[in-house]
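A.B. asks: Please read through the structure below; I'll follow up with questions.
Rule-based calculations on the coordinates, nothing more; no lab input. Keep in mind it's a predicted model, so treat the numbers as computed, not measured. When we count neighbours, we look across all protein chains shown, and the Cβ atoms used for this are built from the backbone with ideal geometry, even at glycine.
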Amino acid sequence: MERALTEKPHAETVPQSGAAGTILNGHYLPPPVDKDGKQWVRTSALIVKSTSELYELWRDVEKAPLWQEQIAEVLVTGPKTSHWVMLTGDDPDKSIEWDSEVLNDEPGKRVAWRSIGGDSDNAGEVIFEAAPGGRGTIVTVLQEFRMSKLASTWETLTGRNPKQAVIENLRHFKALAETGEIPRIQGQPHGPRGTSGNAKKSIYGEKVATPAGEHQLAS
Amino acid sequence: MKAVCWMGTSDVQTLTVDDPRILNPHDAILKITRTAICGSDLHLYDGFIPTMESGDILGHEFMGVVEEVGKEVTNLQRGDRVVVPFTIACGNCLFCKKKIWSACDNTNPNAHLMEAAYGYSGSGLFGYSHMMGGYAGGQAQYVRVPFANVGPLKIESDLPDEKVLFLSDIFPTGYMAAENSRIQEGDTVAVWGCGPVGIFAIASAFMLGAARVIAIDRLPERLEMARSFGAITVDYSEEDVDVLTAIKDLTGGMGPDSCIDAVGLEAHSTELQGFYDKVKTAVMLETDRPSVLRQAIQAVRKGGTLSIPGVYGGLLDKVPFGAAFGKGITMKMGQTNMHNYMKPLLERVEKGQIDPSSIISHRITLDQVPEMYKVWRDKSDHVTKIVIDPWAERAA
């Protein structure tokens, strides 16, 4: 098949296996489906920064509260471990905590992790690949949660569904990496919202606090 | 401060709200000196654009004086006089680098809403629904401008506000519409809608080499304005006038090389299809009323270009796609890539080649805005463009 066309002046080599199981033998594979209590989310973003810059920003886990929603604090506890504190909703006194361990660390390319005890059962990986045509980096995140459907539905109603949170966090990561801030409207003036305005804010996910952002860009 | 708030369909109120403050390092706060009501604000007023929340501050055409800047804004300082583009762009993403500023990846805090509706999210806009970012708008005394290092255009000459205010949207929007219509020297261009965007599209079509411009509307003051810019006018509401016949009569049966739909989703039609669309939108089977779009597709010549600066928001019914394919036409559309046009168009104003303020019919205070939304919607009182002085206590 490779020889069916010989004139492809800018074509790049087809990867045999792509990020987070997206490509296998030159063929696209869909994301894993939810089953047996496991929920999966796979999302990607093209970011105009180098793979190594993005890897460094991601790997600096104590900075995660700058761009991950609801994360109050992250403490590095060892070469491969960290402790995470996450707010769960409107009540600032309520939080969940867990420890996380890096399973695989390939600088500039990939980080894989899993939780090792605490209030959250999750695992995931992030892959940094040069985008076709030298247009930046494709960052792909694959994350898995163990959580009942009921709990997930509850999360959707009270704040952010964890799957959507992974998607939003990658969006925040991209904005922070490309611009040095995360776009926000919380804190701007408005007239009285009334019942319908407030209901819409919840439905649109506008009640989840936008992370702080504010990251000094390497010039 | 005083601000114009959307409180529901056909309900706009001037209220006292908190002053805006710096929220991000690339923000600036402006004291607004002039602002305006846009034709597209009527889509919000009439409830055609989803994801508005009661209390939202309206307005996306404004200019003012820099009051305060965030710590990463190095190109502006307190006291600078600026015009602000209605699309917010970060300047760093792939789209901004390609100069498709209105497709910026990083300025819509509610990108997921627009992704759900459109597949991908465009840039954030001021005062134009939560799907488009939920940013507070500029029909107010102060406004917060995100990414102030990228968008605002400094006005360093002593031109009055009224001559440069429309660089915030409608002049660049009309210009991009003409550019999108791919005019070649000697072309004939037909423009539907002689509101402000249509007028600037007519002017820009001539600037870009059009030999003849045909302008279509029904309001005498607008047709008069179109003639003052050099167009031949067609009043579609006159008895016995059929727009398609008129266009054939004025182009030797050939059809215009380019057509510009400067009307958008709330088109009025005297024909049966106008009634059809009103019924379908009323029962939510259709969100937009595309009668001008249908007519423009029908009218454009074989191999011609259709440019669409008029706003469409959702689902359209009975669009003659067969005609579009059969004639091999090109369609170009979208929110204006403001940042490409503001500076070159300012130069044209500075050289005196065009006076954008000539379209203004009403100068008002913030307190008059609610009643003027109604006048603007009903096209009463010979209205052509409404400009607001947010600090005036009584009308000029």
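A.B. asks: Taking every pair of distinct Cα atoms and averaging 1/r, then inverting, what Kirkwood hydrodynamic radius in Å comes out for the range B:171-333?
C.D. replies: Hydrodynamic radius (Kirkwood, Cα pairs) of the range B:171-333 is 15.4 Å.
A.B. asks: Kindly write out, for the range B:140-156 in residue order, the coupling ³J(HN,Hα) from the Karplus curve 6.51 cos²θ - 1.76 cosθ + 1.60 (θ = phi - 60°), rounded to whole Hz, with x marking Gly and Pro.
C.D. replies: Karplus values, whole Hz, x for Gly and Pro: 7, 8, 9, 8, 8, 10, x, 6, 5, 6, 10, x, x, 9, 6, 9, 9.
A.B. asks: Another question about this same structure. For chain B, find the longest principal axis of its Cα atoms and tell me its angle to the long axis of helix B:170-180, 0 to 90°, nearest 10.
C.D. replies: 40
A.B. asks: Specify which residue in the list A:Pro211, A:Ala112, A:Asn161 is farthest towards the positive end of the charge dipole of chain A, using unit charges on the beta carbon of Lys, Arg (+1) and Asp, Glu (-1), about the Cα centre.
C.D. replies: Value computed over the given set: A:Asn161.
A.B. asks: Taking the Cα centre of the protein assembly as shown as origin, work out the dipole magnitude from +1 charges on Lys and Arg Cβ and -1 charges on Asp and Glu Cβ, in debye rounded to 20.
C.D. replies: Charge dipole, the protein assembly as shown, about its Cα centre: 1020 debye, nearest 20.
A.B. asks: Can you tell me which of B:Ile32, B:Ile214, B:Ile232 moves the most in a GNM of chain B? Springs connect C-alpha atoms under 10 Å apart.
C.D. replies: Of the options given, B:Ile232 has the highest mean-square fluctuation.
A.B. asks: Assuming 0.36 nm per residue, please report the length gained on full extension of the stretch A:Arg193 to A:Asn25 beyond their Cα-Cα distance.
C.D. replies: Taking 0.36 nm per residue and subtracting the Cα distance, the gain is 55.2 nm.
A.B. asks: What does the convex hull of the Cα atoms come to per residue for the protein assembly as shown, in Å³?
C.D. replies: Values: hull volume 112.3 nm³, N = 615.
It is 183 Å³ per residue.
A.B. asks: Under a point spin-label approximation (7 Å from Cα along Cα-to-Cβ), what is the B:Lys98-A:Ser17 distance to one decimal in nm?
C.D. replies: With each label placed 7 Å out from Cα toward Cβ, I get 3.2 nm.
A.B. asks: What is the average number of partner chain Cβ atoms found within 10 Å of a Cβ in A:192-201?
C.D. replies: Partner Cβ neighbours, averaged per residue: 5.
A.B. asks: Taking beta carbons within 10 Å but only from partner chains, what does the mean come to for residues A:173-180?
C.D. replies: 6
A.B. asks: Exactly which chymotrypsin sites (Phe, Trp or Tyr not before Pro) in the range B:110-193 are in a DSSP loop and have at most 13 other Cβ atoms within 10 Å? Don't jump to the answer; show the numbers that get you there.
C.D. replies: Details: sites: B:Tyr118, B:Tyr120, B:Phe126, B:Tyr128, B:Tyr135, B:Tyr142, B:Phe147, B:Phe166, B:Tyr175, B:Trp192; in loops: B:Tyr120, B:Tyr128, B:Phe147.
Answer by residue number: B:Tyr120.
A.B. asks: Add -39500 (n - 2.57) for each DSSP H run of 4 or more in chain A, then divide by its residues: what number comes out at 222 nm, to the nearest 500 deg cm²/dmol?
C.D. replies: Counting only the DSSP helices, I get -7000 deg cm²/dmol.
A.B. asks: When a/c is below 1.5 the answer is rounded, else prolate if a/b is larger than b/c, else oblate, so apply that to the range B:3-125 with a ≥ b ≥ c taken from the square roots of the Cα gyration tensor eigenvalues.
C.D. replies: Since a/c reaches 1.5 but b/c is at least a/b, the shape of the range B:3-125 is classed as oblate.
A.B. asks: What is the angle, in °, between the Cα long axis of helix A:149-158 and the longest principal axis of the Cα atoms in chain A? Nearest 10 is fine, range 0 to 90.
C.D. replies: 60
A.B. asks: Rounding to the nearest 10 and keeping the result within 0 to 90°, find how far the Cα-based axis of helix B:196-207 lies from the longest principal axis of chain B.
C.D. replies: Computed tilt is about 70 degrees.
A.B. asks: On to the next question. I'd like the distance between the alpha-carbon centres of the range B:354-396 and the range A:24-68, rounded to an integer number of Å.
C.D. replies: One Cα centre to the other: 50 Å.
A.B. asks: Can I ask one more? Express as a percent, rounded to the nearest 5, the fraction of DSSP beta bridges in the protein assembly as shown (both residues included) that run antiparallel.
C.D. replies: If I count the DSSP bridges inside the protein assembly as shown, around 75 percent turn out antiparallel.
A.B. asks: Sticking with this one: With a cut-off of 8 Å between alpha carbons and a minimum separation of six or more residues, what is the relative contact order of chain A in percent?
C.D. replies: Numbers: 385 pairs, mean separation 46.3, N = 219.
Answer for chain A is 21 percent.
A.B. asks: Go through B:Asn180, B:Leu244, B:Ala203 and say which Cα lies farthest out towards the positive end of the charge dipole of the range B:171-333; charges sit on Cβ, +1 for Lys and Arg, -1 for Asp and Glu.
C.D. replies: Projecting each Cα onto the dipole axis, the largest value belongs to B:Asn180.
A.B. asks: Taking the Cα centre of chain A as origin, work out the dipole magnitude from +1 charges on Lys and Arg Cβ and -1 charges on Asp and Glu Cβ, in debye rounded to 20. Numbers along the way, then the final one.
C.D. replies: Working: 25 positive and 30 negative charges, 152 e Å.
Using Cβ point charges on Lys, Arg, Asp and Glu, chain A gives about 740 debye.
A.B. asks: What do you get for GluC sites (Glu not before Pro) in the range A:1-97 restricted to DSSP loop and a cutoff of at most 11 other Cβ within 10 Å of the site's Cβ?
C.D. replies: Answer by residue number: A:Glu2, A:Glu7, A:Glu12.
A.B. asks: Would you please classify the overall shape of the range B:245-396 from the alpha carbon gyration tensor, given that a ≥ b ≥ c denote the square roots of the eigenvalues, rounded means a/c under 1.5, and beyond that prolate means a/b larger than b/c while oblate covers the rest?
C.D. replies: It is oblate, given that a/c is not under 1.5 and a/b is not larger than b/c.
A.B. asks: Moving on. Assuming R0 = 45 Å, what is the FRET efficiency of B:Lys327 and A:His10, from their Cβ-Cβ distance, to the nearest 0.05?
C.D. replies: With a Förster radius of 45 Å, E is 0.85.
A.B. asks: Within the range B:182-219, which residues have the backbone N less than 19 Å from the label spot 7 Å out from B:His382 along Cα→beta-carbon, could you tell me?
C.D. replies: B:194-196, B:199, B:217-219
A.B. asks: Still on this model: Just report the Cα centroid separation between the range B:1-67 and the range A:180-216, whole Å.
C.D. replies: Each part reduced to its Cα centre gives a spacing of 16 Å.
A.B. asks: Could you check the spin-label model distance between A:Lys94 and B:Gln13? Points 7 Å from the Cα along Cα→Cβ, value in nm.
C.D. replies: 3.3
A.B. asks: Assuming R0 = 51 Å, can you tell me the calculated FRET efficiency for the pair B:Lys278 and B:Gln77, based on Cβ-Cβ distance, to the nearest 0.05? Display every interim value, and only then the final one.
C.D. replies: Values: r = 51 Å, r/R0 = 1.00.
The pair B:Lys278/B:Gln77 has a calculated efficiency of 0.50.
A.B. asks: Sort the following peptides by mean Cβ neighbour count (other Cβ atoms within 10 Å, averaged over residues), highest first: B:106-113, A:202-209. Mind dumping the intermediate values first?
C.D. replies: Values: B:106-113: 24.9, A:202-209: 16.2.
In decreasing order of mean packing, B:106-113, A:202-209 become B:106-113, A:202-209.
A.B. asks: With each pseudo-label sitting 7 Å past Cα toward Cβ, what's the A:Val76-B:Trp391 distance in nm, one decimal?
C.D. replies: Each label point is offset 7 Å from its Cα along the Cβ direction, giving 5.2 nm.
A.B. asks: Please report, in debye to the nearest 20, how large the charge dipole of the range B:171-333 is about its Cα centre when each Lys and Arg carries +1 at its beta carbon and each Asp and Glu carries -1 there.
C.D. replies: That gives a dipole near 480 debye.
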